[in-house]
Every structure is written in structure tokens, then in C-alpha cells.
Amino acid sequence: MTILIEAGGNRRRKIDVDSERFDSDMSGACGPPATEGVMMREINADEYRALSPDNLNFMQHVEMAQARVAREPGAVVHYFQTDPTTVVALVGRPIPHPSSRQYLYDAFWADPAVLPFVAELAMWCKAHSGLLLEVNPYLVLSTRNNDATVRESITLPLAPGAHHLGLSTSTVDPSKRWQYVVDLTDGYLSTFKGKVRTALKDTARSGVMVSRAGGDDLGKFCEVQAASADRRGFLPRDEAYYKSIMDAFGPKAYGLLAEINTEATVTSLRGRIGSVPPGPDHDDIVAKIERQIGLLSSESDTVTLHGGFFIETEHETVYLTGGGPSRLMAFNGVYAVVDEAMRISLSHGVKRFNMMGFFPDFSRNNGLLEFKKQYNGHIEELVGTYAADLRPARYFLARAIGKIHRTLGKA
């Protein structure tokens, strides 16, 4: 089997891969085999940027690919044009192997139009020391209402040369297959549930201030992120992670911190106790305010309540990560951060606000999803992961060696 690849202008070269062996490796694949003689052009970053559609997902932006390579030692990125209107960025992550360096290639949240060309991409990856190719198209399988009932859906598409990893057993974190999206309009606050508006009034009374996190503030930002990551079981990120994205995207990638001045807030809270009107809820409201005063009694002069990190593209604003110490959740810092990000997004004309992933537990026990549902958006289920197992035996061996290295490193 041969793939024709045009690289660097009009220079063409052929990649010949053992067709029988490749086909046997793809024995579990969906759809027909790769098309003989398909043209696939390797392009540079500038060409890729020029050919990219306006609604390109942030994970497929040149800037994000560059950020990934910058923070992953030995990683590489390659750009392809698979037809006149489709481009894809492949990131290769090195994995140790006894004979030579091998790569795990992925096209995360790629243009869905790349699916018919997965077999050709797999051929290229196999010819370039690839053990595995994973493609995650940014394609919505189903759109759901707040109660998880399906509003509309499509049939799971095929990807020639690859097999789907399954909708419930994907090796990709299931929280990356589900996202919560809010469509912003002028006067958007009126469309949210009452708890959001009440929380924002409380943040105003408590003197919550929201500012951009950068430079020295990144360390503080990472600290509050880590607090939530440990609590929710997510991987905490370090300063280098956020800095690489901010360096790549410039002002379109930013962190926001919600903070309060302890002394001023305590003074304000004590003043509110005397103004609580009489009534059946009087004692409960006073008790709540006194608990908040108690929470701040041992804190420093300035307290960070919540931090959120956002990336804005032409298509949407993405709430990439967020978190804060659980002991201070009563001060509603998260609501102040989200509201400020929504204001920024609308001011730039971006009306799709993506609050990103959650685990697909639709019971009321899923606190993260319940929080997001207060914004009266909708749920999107993505199609998930397509994998081409290029060299299964070597991949298994490389993973085993990697596991041993990690175990010895912890010893």
C-alpha cells in the first residue's frame, strides 16, 4: 500500500508500508481500508494556520500544539492537509523502547472531516516510528437538555483504518467526552437560575475582587487549582503548563483569581448582622454570616477563593480548569470568576461559553455537573476516540518498560 505525500512545495515522496501487515494490524478496524494513492500534504505551521477554519477547536490551534511540545520533552508536531479544506495537527509523544525512540501520535479534538483519512495518517505514523495513533474528532454525538434527555443526535461515524474505543470504556478520561456549553446573550444573567444571581450579590457585598493571574500570581493560581484537583481526582498542573499556553495564545489565554481582603470582609459581614430583617429566616441568616466570619479568623490579609483558567478562540471561550479551597466555597468565588470570564467573552463577540468536562453521572450526586446546570446551558456528548494500533506488540512492551521506569523512579 502506498501513500503519496507532498512535502515542502512540490516535492513528492512515496511511503511504502507492508500492506498485509498493516491490514492485519487493523483487523479490528471500522470501515474499508485506506484508498490507494491518496494525496496527503505535509505543511508548515504558517500554511496550517492559513488553511484552518474559523471555528477550529482550541486543541487543534497551532498555539496549543506548540504549547504541548514546549512542555513535553521530546514531543514533536506535524501538520497535514488531507484535502482542500481539511487540516490536522498530529502531536507525537515519545515513549521509551529498547531499540529506539518510538512515538504515540494523537490528533486531539481534530476537524471531523479528517475521519476518512485516518488510515492514511496511520500509514504516515507507522512509517515515522509510531506505535499508536489516536484521533479524537471534535464532533458532537448527542446534544442533551439539563435533565440529560437527548435533544438531537447523530450516528457514530466510521474511521477507515481505525477502531472506536467505545463510548463507555474509552482510554480517554470520560470527562473529556462530555462538556457543558452556555450560549451567552446580552442580559445573560436573567437566563441563569436564581442561585447564580444570589451568589453574585453575595460576592459584591463581601467585597470579592477578580483580577487576572500572571507572573508572580501564577504560583498562587496553581496552589488553589491543586486544592480542587486533589479533591476531585484530577491531575494538578504546574506553572509551566499554564505559562506555555499563555506564551502561545497571548492575551487570549488568561487566569482569573477571586480574592477578598480579610479585614474589610469581616467588617462588612459584622455590619450585615445588624441589618438582617426580622423573620423566620433571621437566625439562620445570622448563623451563616457568623460561620463566614469564623472561616476568616485564621486567614491571612488577602485570601484567594477561586482560580479559573480560560482560552478564547473565534469559536468559543473555554473554561479549561478551575478550583479553590473547599473551606472557602461559602464566599462564592467561583461565581465571580465565571461571571467575569463571561463578560470578557461577550465583550469580544464570543457567545459560546464552554464549561468543559464532567463525569457522566446524571444524578444529583454529581456536584460539578449540578453547579454547571445552574447556568441553563446544554450538554454535549462528543464521539470519543478512534485508535489505530500500529505496532501492538511493541506498544505493549514500551508501556511495560515505562511502567517499570516510573516504579523505580518512585522507589
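The values are calculated or read from the model by the stated rules, or taken from the named source; none is laboratory data. Predicted model only: the values in this text are computed from it and were never measured. Cβ coordinates were reconstructed from backbone atoms using ideal geometry, including for glycine residues, and neighbour counts include every protein chain displayed.
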Which of the numbered conditions does Ile401 fail, given that it passes all the others? Conditions: (1) over 19 Å from the mean Cα position of the chain (by Cα); (2) over 25 Å from Thr198 (Cα atoms); (3) buried (at least 18 other Cβ atoms within 10 Å of the Cβ). (3)
Please list, ordered by residue number, the strands (runs of 3 or more DSSP E) wholly in the stretch 114-164 having 1 or more residues that are under 11 Å from Tyr386 (Cβ atoms) and in contact with a Leu (Cβ under 7 Å, 6 or more places away or on another chain). 130-137
Could you list all residues from the stretch 307-365 that are among the hydroxyl-bearing types (Ser, Thr, Tyr) and either more than 16 Å from the chain's Cα centre (by Cα) or over 20 Å from Glu63 (Cα atoms) (or both)? Ser326, Tyr335, Ser345, Ser347, Ser363
By residue number, the members of the stretch 248-262 that are in contact with a helix residue (DSSP H, G or I) (Cβ under 9 Å, 6 or more places away or on another chain), in a helix (DSSP H, G or I) and within 22 Å of Val210 (Cα to Cα) are Phe249, Gly250, Lys252, Thr262
Applying the selection to the stretch 165-197, what residues are at pLDDT 90 or above, surrounded by 12 or more Cβ atoms within 10 Å (Cβ to Cβ) and not in a helix (DSSP H, G or I)? Trp178, Gln179, Tyr180, Val181, Val182, Asp183, Leu184, Phe192, Lys193
Which is surrounded by fewer than 16 Cβ atoms within 10 Å (Cβ to Cβ), of a type outside the set (A, V, I, L, M), free of Cβ contacts under 8 Å to residues at least 24 places away in the same chain and in contact with an Asp or Glu (Cβ under 8 Å, 6 or more places away or on another chain), of Gly219, Gly271? Gly219
Some residue of the stretch 307-319 being closer than 17 Å to Asp202 by Cβ, assigned by TED's automatic domain parsing to the domain that holds Val350 and polar (S, T, N, Q): no
Only unsatisfied item for Ala159, checking (1) over 30 Å from Asn376 (Cβ atoms); (2) at pLDDT below 90, is (2)
Here is a check on your reading of the model: is Arg49 among the charged types (D, E, K, R), outside the structural domain of Lys243 (by TED's automatic domain parsing) and without any contact (Cβ under 8 Å) to a residue 40 or more places away in the chain? yes
Residue that is assigned to a helix (DSSP H, G or I) and acidic (Asp, Glu), where the choices are Glu370, Glu380: Glu370
Looking only at the stretch 195-208, which residues are free of Cβ contacts under 8 Å to residues at least 60 places away in the same chain and not small (Gly, Ala, Ser)? Arg197, Thr198, Lys201
Hey, does the stretch 325-335 have a residue that's farther than 22 Å from Ser300 by Cβ, of a type in the set (Gly, Ala, Ser) and in contact with a Gly (Cβ under 7 Å, 6 or more places away or on another chain)? no
Out of the residues in the stretch 41-55 meeting the condition of being surrounded by fewer than 14 Cβ atoms within 10 Å (Cβ to Cβ) and assigned to a helix (DSSP H, G or I), tell me which one is modelled with the highest pLDDT. Asp46
A careful count of residues in the stretch 198-213 that are of a type outside the set (Gly, Ala, Ser), assigned to a helix (DSSP H, G or I) and surrounded by fewer than 20 Cβ atoms within 10 Å (Cβ to Cβ) gives 5
